[in-house]
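Student: This structure is in structure tokens; I'll ask about it shortly.
A short reminder: the numbers here are calculations on the coordinates, not readings from a lab. Since the model is a prediction, treat every value here as computed from it, not as a measurement. Heads up, the Cβs are rebuilt from the backbone with ideal geometry, glycines too, and the neighbour counts pull from every protein chain shown.
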Amino acid sequence: MSKKSFKEIVAGLVTALKAHHDPHEIALGVAIGCFISILPLYGLHTVLCVVAALLIPRANKLAILLGTNVSLPPTIGIITWTAYDIGRFLSPDKSYPALSWEYIKHFNVARISEFYYPLFIGSVVLAAICALVLYGITRGVVEFYKRRRVHAA
């Protein structure tokens, strides 16, 4: 295996960051990252981002990574609660308990099975909705700044 110099590595990173800078490609990357970050596959988000970057070559790689910042500590509770409620609503089995602070206080690993199925189903739905919304917002913002940059030049 040949060793690359630091300059070659930096040049490769710069090339990767500059590639796929079309508004659609950037918005697609943000949407994919957002979708991945909302899924309750904790600990696998980075791996899924790499897989998505490899499987969807037209998406902006940096935008995929940036899109995963939707589920940071301030928002993860809201995302989890909302996704669980959506999953409970969509589930034909209405025996899943409603989330409450009392339920959360007594939550343990043994109860994960009664919590995870509606959370996963709701997360997929919530992730799709958020990804579509962020796609539209990101594309609009990128197009605005590209037009503004062209007019300024």
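Student: Filter the range 37-55 down to the residues that are within 20 Å of Phe115 (Cα to Cα) and buried (at least 18 other Cβ atoms within 10 Å of the Cβ), then identify the one that is farthest from the chain's Cα centre (by Cα).
Tutor: In this case the residue turns out to be Pro40.
Student: Let me ask another. If Ala127 satisfies every condition in (1) in contact with a Cys (Cβ under 8 Å, 6 or more places away or on another chain); (2) on the phi > 0 side of the Ramachandran plot; (3) among the small types (Gly, Ala, Ser) but one, which is the exception?
Tutor: Against the list (1) in contact with a Cys (Cβ under 8 Å, 6 or more places away or on another chain); (2) on the phi > 0 side of the Ramachandran plot; (3) among the small types (Gly, Ala, Ser), Ala127 comes up short only on (2).
Student: Oh, and also: Just need a number here: residues in the range 91-112 that are surrounded by fewer than 10 Cβ atoms within 10 Å (Cβ to Cβ) and not charged (D, E, K, R).
Tutor: 9
Student: Now, a different point. So, in the range 113-133, exactly how many residues are over 11 Å from Asp85 (Cα atoms), out of contact with any Phe, Trp or Tyr (no Cβ under 6 Å at 6 or more places or on another chain) and buried (at least 20 other Cβ atoms within 10 Å of the Cβ)?
Tutor: Qualifying residue count for the region: 1.
Student: List pairs: first in the range 47-67 and over 18 Å from His24 (Cβ atoms), second assigned to a loop (DSSP other than H, G, I, E, B), Cβ under 7 Å, 6+ apart or cross-chain?
Tutor: Listed by first residue and then by second, the contacts come to Leu48/Leu41.
Student: Show the residue pairs meeting these rules: Cβ distance below 7 Å; 6+ apart or different chains; first residue within the range 91-111 and aromatic (Phe, Trp, Tyr); second residue outside any helix (DSSP H, G or I) and surrounded by 12 or more Cβ atoms within 10 Å (Cβ to Cβ).
Tutor: Within 7 Å, the pairs are Tyr103/Pro97.
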